[in-house]
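**Q** Okay, handing you the structure first.
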Amino acid sequence: MKAPPGSSLDPDLAAFIEGAIPSVWALETLFLLRRPPAASWSPERLVTELRASAPLVNDCIQRLQQAGLILETDGSFSYAPASPRLGALCDELEAVYRERPVAVVNTITSRRPDALRGFADSFRLGGWKS
């Protein structure tokens, strides 16, 4: 599998990001849920901690669940990768993001057909208002 043009990321990691992390907000949500100690987070607590809108956080939660990265228990969410491989990719993603955040963000945003529209959508979803 090939990494996006201009990407300095490992092709497997780039493919994981493209398939599982739809936005920088989802990335931040994932990292928050991964913080030790392992905890369950209510959507309201995630909204507060991320300083984001409820619709935005709910979309991130839904996408991360679909990717097999988090689980819901009694209305709260926790980091729970569906396989050891997903867990290893999340570990690698967090390490690479600490070293090369721009490469990760570029990989996330490169699949958008219209970057300006994506930026405008973030306002519509309320993500930049908080």
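**Q** Please give the net charge around Phe16, taking every other residue with its beta carbon less than 10 angstrom from that of Phe16, where Lys and Arg add +1 and Asp and Glu add -1.
**A** -3
**Q** Would you compute, for the Cα atoms of segment 7-105, the largest minus smallest coordinate along each principal axis and list the three values in descending order, in whole Å?
**A** Sorted from largest, the Cα extents of segment 7-105 read 38, 27, 23 Å.
**Q** Right, another one. How much area per residue is accessible in segment 13-113 when the probe is 1.4 Å and only protein heavy atoms are counted (Å²)?
**A** It amounts to 51 Å² per residue over segment 13-113.
**Q** Now, a different point. When the Karplus curve 6.51 cos²θ - 1.76 cosθ + 1.60 is applied with θ = phi - 60°, which whole-Hz ³J(HN,Hα) does each residue of segment 64-80 get, with x for Gly and Pro?
**A** Going residue by residue, I get 5, 5, 4, 7, x, 9, 9, 10, 9, 9, 6, x, 10, 10, 9, 5, 7 Hz, with x marking Gly and Pro.
The values are calculated or read from the model by the stated rules, or taken from the named source; none is laboratory data. Keep in mind it's a predicted model, so treat the numbers as computed, not measured. Virtual Cβ from ideal backbone geometry, glycine too; neighbours counted across all protein chains shown. Please note that ligands, DNA and RNA were not included when accessible areas were found on the heavy atoms of the full protein model with its side chains. Shrake-Rupley method; radii C 1.70, N 1.55, O 1.52, S 1.80 Å.
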